[in-house]
There are 2 protein chains.
Amino acid sequence: MKIVYSADHFLHHAPGELLFGEFVPAFEKPERAELVLARVREMELGEVIAPQIFPLEPITRVHAPGLMELLQSAHKEWVELGRSGAAYPYTWPTRGMRMDRVPTSLDGRLAFYSFDCGTALTATSWQAIKSSVDVALTGATLLQGGERAAFSLCRPPGHHAGADHYGGYCFLNNAAIAAQKLLDDGAKRVAILDVDYHHGNGTQQIFYNRDDVFFVSLHGHPDQEYPYLLGFEDEKGAGKGEGYNLNFPLHWGTEWPGYEAALQEGIKRIAAYAPDVVVVSLGVDTYKDDPISHFKLEHEHFTRIGAMIKALNKPTLFVMEGGYAVAEIGINAVNVLTGFKGA
Amino acid sequence: MKIVYSADHFLHHAPGELLFGEFVPAFEKPERAELVLARVREMELGEVIAPQIFPLEPITRVHAPGLMELLQSAHKEWVELGRSGAAYPYTWPTRGMRMDRVPTSLDGRLAFYSFDCGTALTATSWQAIKSSVDVALTGATLLQGGERAAFSLCRPPGHHAGADHYGGYCFLNNAAIAAQKLLDDGAKRVAILDVDYHHGNGTQQIFYNRDDVFFVSLHGHPDQEYPYLLGFEDEKGAGKGEGYNLNFPLHWGTEWPGYEAALQEGIKRIAAYAPDVVVVSLGVDTYKDDPISHFKLEHEHFTRIGAMIKALNKPTLFVMEGGYAVAEIGINAVNVLTGFKGA
Ligand SMILES: [Zn+2]
Ligand SMILES: [Zn+2]
């Protein structure tokens, strides 16, 4: 299996995040990708290649131009306003606020296009964000070239980013952009399986009204877990997309048997959908020692997740998402991939 | 003119706010009310009285039960979760998120019921919030008892708080609750004139569909100023409320002539509405040296604002809102009141 990786991810390094009332060091940090890369090499998973550079066009197929412009210009405008550090929103739209009118000020646009105050934009974030998309798109082209599977070692992650909003350490939705590219290049149906601990609210929102992408997510129950406001069982898609969104919200403390049962059901439903390609949003924050999560998976279970995905017998693109127990993130992510290879 | 004041406002003292990417000391602090009180006494404006204690019922006429419960329980739940400091939200609803379902977790409810991450809930905030409402309601009863005018020295302020969302240092909308009480007790029409530097987004949202409250606001243009997502000129009310919402968004650098022209127009429209009572959301952050604002009013202009409001010749309740140039806040707030008295 080829691994796509770019050191440009180092260009995004958030100084911190507001979490539970305190400004704390960011959990999403460059070491994450490096630990996964080191494990990839240690386990000799496959050749590590650099991404191709893509134009912005595949991104515009998924994201609003205003969001893309903001991600590129926010820090420059921030500095021009005499501010230091990274750019963060501090207010946001809620009921009764204007959603029909994009604000013109920087703070207004940060508010309009975001959904949390923990996702920092620095001077060089855009280069890393764009590079992360290129890593995902290059993985998609590997499948198009006949590879059975590929691993896009994306960072920053993407699954929380919606068509017109960023948050949850995510700016652009790498997995969604790759899925859309596969469709645009000829695939008829793509399934996205999101095994990150958190609900892939962005991916759900992007494809909620469509039947050419089947989105399946297993995640911490939004009654207990970020992003709190999406990811419930009754969200099944809308319009033409009805029936093509499947959420498995699982409660804190979920162990392998409960997780496996949900995953088995999700995989059964994906098989019935008969996708041309499977995109896996690969987060490993389901690990028992993850510092911000509450599932109880062990190293070996990640291997089994990989084997279960393999049973779908489809071209499969793995896209790196979350996972914050830094010491073990490499083991767990690569276990999924070796489980897939070896099954 | 009687002044209603309670020292319970000291029970709300935010440790800080997230503003422009930094956790900074809160601008909204107890000294504000004390400086206004000192100036009230220095100028011998009138008798300072304590508020009556009202039941929660007048609040429920304006605010969602879930918001009221959250404001009372949030800090206790916060501590039970093992957290320290004050309770803040860190994520929020945007497009694609659930608005139809109130989350059950604390962080979910904080997200659902708020619109910024700078408005802290401490262990004793609720007592101050409730007391601030009582201060406003007591002012309303003074008018009902025949007083020509009264000054409710509310703190925390209220005009950013909507029916089901808090933010902008505001938790419950003191002016809106007082206006509703006046209506419930027999007034047919109430005009709310909001001269705070910031748009009274909460007040607008609460009464947007109604014709028994005419809301007029002069404020920093949302293209430049918080709350960014409401307060535009084209927001004129909806349904039965169409024509009963009037915004004067004014640009940074506005000086007295521009301000006076807008105020004159707003007052003319209020006179045409022929309200039984006028409630003034009295913010003085329009002052030229206010640390977070960008208008250019001088001390004497506040006196003139008071005189212009007096010309309406209606029972008038002044409700304290913002104003952060602490040294001058007393002079400017009391200048409005002496301008009113003396005109
Ligand atoms: Zn995650
Ligand atoms: Zn203000």
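The values are calculated or read from the model by the stated rules, or taken from the named source; none is laboratory data. Being a predicted model, the structure only gives us computed values, none of them experimental. Here Cβ is always computed from backbone atoms with ideal geometry, including for glycine, and neighbour counts include all displayed protein chains.
Quick rundown of the values:
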read-out: Count - residues of segment B:112-142 that are in contact with a Leu (Cβ under 6 Å, 6 or more places away or on another chain) and within 13 Å of another protein chain (Cβ to nearest Cβ); value: 3
read-out: Per-region count, segment B:57-84, residues assigned to a loop (DSSP other than H, G, I, E, B) and in contact (Cβ under 8 Å) with a residue 24 or more places away in the chain; value: 5
read-out: Whichever residue in segment B:283-322 is within 13 Å of ligand 2 (Cβ to nearest atom) and surrounded by fewer than 23 Cβ atoms within 10 Å (Cβ to Cβ) and, among such residues, is farthest from residue B:51 (Cα to Cα); value: B:294
read-out: Residues that are surrounded by fewer than 16 Cβ atoms within 10 Å (Cβ to Cβ) and touching a Gly at 6+ places or on another chain (Cβ under 7 Å), drawn from segment A:225-246; value: A:236, A:243
read-out: Residues being farther than 15 Å from residue A:154 by Cβ and out of contact with any Pro (no Cβ under 9 Å at 6 or more places or on another chain) - total across segment A:164-178; value: 2
read-out: Total residues in segment A:259-283, condition under 27 Å from residue A:28 (Cβ atoms) and free of Cβ contacts under 8 Å to residues at least 60 places away in the same chain; value: 2
read-out: Selection within segment B:178-204 - within 14 Å of another protein chain (Cβ to nearest Cβ) and away from ligand 2 (no atom under 16 Å from the Cβ); value: none
read-out: Only listed residue being within 14 Å of chain A (Cβ to nearest Cβ) and β-branched (Val, Ile, Thr), chosen from B:270, B:309, B:292; value: B:292
read-out: Of the criteria (1) under 18 Å from residue B:54 (Cβ atoms); (2) within 16 Å of ligand 2 (Cβ to nearest atom); (3) not polar (S, T, N, Q), which one residue B:143 fails; value: (2)
read-out: Answer residue from segment A:169-180, given it is more than 14 Å from ligand 1 (Cβ to nearest atom) and among the small types (Gly, Ala, Ser) and is nearest to residue A:68 (Cα to Cα) among those; value: A:176
read-out: Some residue of segment B:3-12 being buried (at least 20 other Cβ atoms within 10 Å of the Cβ), closer than 26 Å to residue A:89 by Cβ and touching a residue at least 24 places away in the same chain (Cβ under 8 Å); value: yes
read-out: Residue that is farthest from the chain's Cα centre (by Cα) [pool: residues in segment A:34-56 that are part of a helix (DSSP H, G or I) and within 16 Å of residue A:319 (Cβ to Cβ)]; value: A:40
read-out: Residue match in segment B:216-227 (condition: of a type in the set (Phe, Trp, Tyr) and in a helix (DSSP H, G or I)); value: no
read-out: Residue ID - farthest from the other protein chains (Cβ to nearest Cβ), chosen from residues in segment A:53-93 that are among the β-branched types (Val, Ile, Thr) and touching a helix residue (DSSP H, G or I) at 6+ places or on another chain (Cβ under 8 Å); value: A:53
read-out: Matching entry among B:202, B:146, B:168, B:139 (being of a type outside the set (A, V, I, L, M), out of contact with any Cys (no Cβ under 7 Å at 6 or more places or on another chain), within 30 Å of residue B:102 (Cα to Cα) and at pLDDT 95 or above); value: B:168
read-out: Residue check for residue B:175: part of a helix (DSSP H, G or I) and within 13 Å of ligand 2 (Cβ to nearest atom); value: yes
read-out: Qualifying positions in segment B:181-201 - in contact with a helix residue (DSSP H, G or I) (Cβ under 7 Å, 6 or more places away or on another chain) and either within 16 Å of ligand 1 (Cβ to nearest atom) or not in a loop (DSSP other than H, G, I, E, B) (or both); value: B:181, B:182, B:190, B:191, B:192, B:193, B:194
read-out: Those residues of segment A:143-168 which are within 14 Å of another protein chain (Cβ to nearest Cβ) and either out of contact with any Gly (no Cβ under 7 Å at 6 or more places or on another chain) or more than 16 Å from ligand 1 (Cβ to nearest atom) (or both), in sequence order; value: A:163, A:164, A:165, A:166, A:167, A:168
read-out: Output for segment A:112-127, where each listed residue is surrounded by fewer than 24 Cβ atoms within 10 Å (Cβ to Cβ) and either free of Cβ contacts under 8 Å to residues at least 24 places away in the same chain or closer than 17 Å to residue A:174 by Cβ (or both); value: A:125, A:126, A:127
read-out: Among (1) touching a residue at least 12 places away in the same chain (Cβ under 8 Å); (2) touching a helix residue (DSSP H, G or I) at 6+ places or on another chain (Cβ under 7 Å) - the single one residue B:228 does not satisfy; value: (1)
read-out: Options B:249, B:222, B:257: the member that is buried (at least 24 other Cβ atoms within 10 Å of the Cβ) and either more than 21 Å from residue B:154 (Cβ to Cβ) or not aliphatic (A, V, I, L, M) (or both); value: B:222
read-out: Residues located in segment A:205-232, provided they are of a type in the set (Asp, Glu) and more than 7 Å from every other protein chain (Cβ to nearest Cβ); value: A:211, A:212, A:225
read-out: Checking residue A:149 against (1) touching a Phe, Trp or Tyr at 6+ places or on another chain (Cβ under 8 Å); (2) of a type in the set (A, V, I, L, M); (3) buried (at least 24 other Cβ atoms within 10 Å of the Cβ), the condition it does not meet; value: (3)
read-out: Filtered residue count, segment B:100-111, keeping only those that are under 24 Å from residue A:237 (Cα atoms), touching a residue at least 12 places away in the same chain (Cβ under 8 Å) and at the interface with chain A (Cβ under 7 Å from one of its Cβ atoms); value: 1
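Conditions (1) under 27 Å from residue B:223 (Cβ atoms); (2) of a type in the set (Asp, Glu); (3) within 14 Å of chain B (Cβ to nearest Cβ), marked per residue:
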site: A:17; (1), (2), (3): no, yes, yes
site: A:23; (1), (2), (3): no, no, yes
site: A:33; (1), (2), (3): no, no, no
site: A:37; (1), (2), (3): no, no, no
site: A:43; (1), (2), (3): no, no, no
site: A:49; (1), (2), (3): no, no, no
